Amino acid sequence: MVQSVIAGVDGSPESVAAARWAAGEALRRERPLRLVLAWPWLFNAPPTVRDSDTGLAQEMLLEIESGLRGDFPGLEVSADRIADHPAEVLVAAAEGAELLVLGSRGLGAVAGFLVGSVGLQVLARAACPVVLVRSGEGAPEVRGADGTGEVVLGMELERPCDEVVEFAFQAAARSSARLRAVHTWSLPSTYGYAAAPLSVDLTTSLAKDAEQALAAALHPWREKYPQVEAVEQVMLGSAGQVLAEAAAQGAALLVVGRRVRTSPVGMHVGPVAHAVLHHARCPVAVVPHP
């Protein structure tokens, strides 16, 4: 069975931007696009209200679907309207999907996403990668051939995750985009309370070690995806802030990981993903991994 790209829609400009981004991605992946609309108030609404709102929901879905068919020739599109709570509907839709795309309001011109409780629940529980798209920034194509719009990957070296790295390389390969692998490092706790500043030689040595480790981690992926130009960037600082700053330089997509946890308590989005979502301006892909 062919996996679909799923776009959660609710009629807002943010969800329309997400649907358009998802449409472009579905074409690149040669996958069908499925629009999913969840209206919780239809679930327990009186019959007269339910019938009226059902008609409005159906009209909205048809309008979005028709617009996508016209703007993305050759795209296979389907749409489902489900009367249940949005988080539950979207998490269920993500089962067996290749990708889930959601819209989110931006916090401003120089800030990131405004992620509500539904978005956080879906991010924390979805079985497939989730991409968040801001209104106005859902470009249907990831730029690449002209050297702009690179894919930025947050690279963890202590516990590297193949799922996250492969997602980023595949995104870059599909779009002929450059990939920028960014690793952040911090001073060892031994030096955290040093009486005197660290020497320039020691700081340079620590940075060099991180650069060599990043190059070694990327080596097998460069061999697997020789068509992708992969560059490395190692910086001292907070991972979330550094990644957001790197993505601000014209990135088309920022890719980070989310470790899957079994505890039923908490959202478990992860500190890096949480920080990135509050500071990044480009679409952000959150990839679950063991």
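Throughout, read-outs are computed from the coordinates displayed, never taken from laboratory work. Just so it is clear, the structure is predicted and the values come from calculations on it, not from any experiment. So basically every Cβ, Gly included, is an ideal-geometry build from the backbone, and we count neighbours across all protein chains shown.
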Of all C-alpha pairs within the stretch 206-263, those more than 14 angstrom apart amount in percent to 69
Going residue by residue through the stretch 157-162, the Karplus relation 6.51 cos²θ - 1.76 cosθ + 1.60 with θ = phi - 60° gives ³J(HN,Hα) values, rounded to whole Hz and with x marking Gly or Pro, of 9, 5, 9, x, 10, 4
Ranked output for segments 78-86, 280-288 by mean other Cβ atoms within 10 Å, highest leading, reads 280-288, 78-86
Here the stretch 215-220 yields Karplus 3J(HN,Hα) values (6.51, -1.76, 1.60; θ = phi - 60°; whole Hz; Gly and Pro given as x) of 4, 5, 5, 7, 3, x
The extension gain from ARG69 to LEU120, computed as 0.36 nm times the residue separation minus the Cα-Cα distance, is 15.4 nm
Karplus-derived 3J(HN,Hα) from phi for the stretch 239-256 (6.51 cos²θ - 1.76 cosθ + 1.60, θ = phi - 60°), whole Hz, x at Gly and Pro, runs 4, x, 5, 4, 5, 5, 5, 5, 6, 5, 8, x, 5, 9, 7, 10, 10, 10
